[in-house]
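Notes follow once the structure below has been shown.
The values are calculated or read from the model by the stated rules, or taken from the named source; none is laboratory data. Model, not experiment: these values are computed from the prediction. Cβ placement follows ideal geometry from the backbone for every residue including glycine, while neighbour counts extend to all protein chains displayed.
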């Protein structure tokens, strides 16, 4: 089942419409509102700033070229991040399959502040703890689990969007997130006994 927007309340729906009609301020709003998030995500996947910037530009060029054929039902952030991910994987020599590429990526990774998951942290604190250490490595999370948690908690993508981005079924994505959170919380409770 495809994502169906609430046309009365969905800003993305109206932005898609405006961009299709050639509204440059809508395109500028989408670009400026998502560039930093795309750069952050791209650098976590691949530690090559120039390549990430090049791929971001290509995502926007492709989007502009195909606007008239695009499905407005897709949330803009999801569309941009998933397109960027695909461009980055297509341009890297890290492996032949997405899974192999994911395991060999040499970006900054996906780091989490424990307070973020306890509800006391802020969205921007999800990246690293104040000490700058990767608090998720000790939880034994693999690349895909870290990426899924990053997309869920930093970009508020839903399970269906995450499953489409990382190439899993909806049920598998939910299980991946559940297991990652369980590992993370278990590790956190054993390392911070009360």
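Is it true that residue 51 is at pLDDT 75 or above, over 21 Å from residue 17 (Cβ atoms) and in a helix (DSSP H, G or I)? Criteria met by residue 51.
Taking each residue of segment 141-168 that is more than 20 Å from residue 40 (Cβ to Cβ) and looking for partners that are assigned to a helix (DSSP H, G or I) with beta-carbon atoms closer than 6 Å, six or more apart or interchain, yields 159/173; 159/174; 160/170; 163/170; 163/173; 167/98.
Taken residue by residue, segment 140-152 has at least one member that is surrounded by fewer than 21 Cβ atoms within 10 Å (Cβ to Cβ), outside the structural domain of residue 44 (by TED's automatic domain parsing) and either at pLDDT below 80 or not in a helix (DSSP H, G or I) (or both).
Of all positions in segment 54-76, at least one carries a residue that is part of a helix (DSSP H, G or I), under 23 Å from residue 149 (Cβ atoms) and in contact (Cβ under 8 Å) with a residue 40 or more places away in the chain. Screening residue 157 on (1) at pLDDT 85 or above; (2) surrounded by 13 or more Cβ atoms within 10 Å (Cβ to Cβ); (3) in a helix (DSSP H, G or I) shows it passes everything except condition (3).
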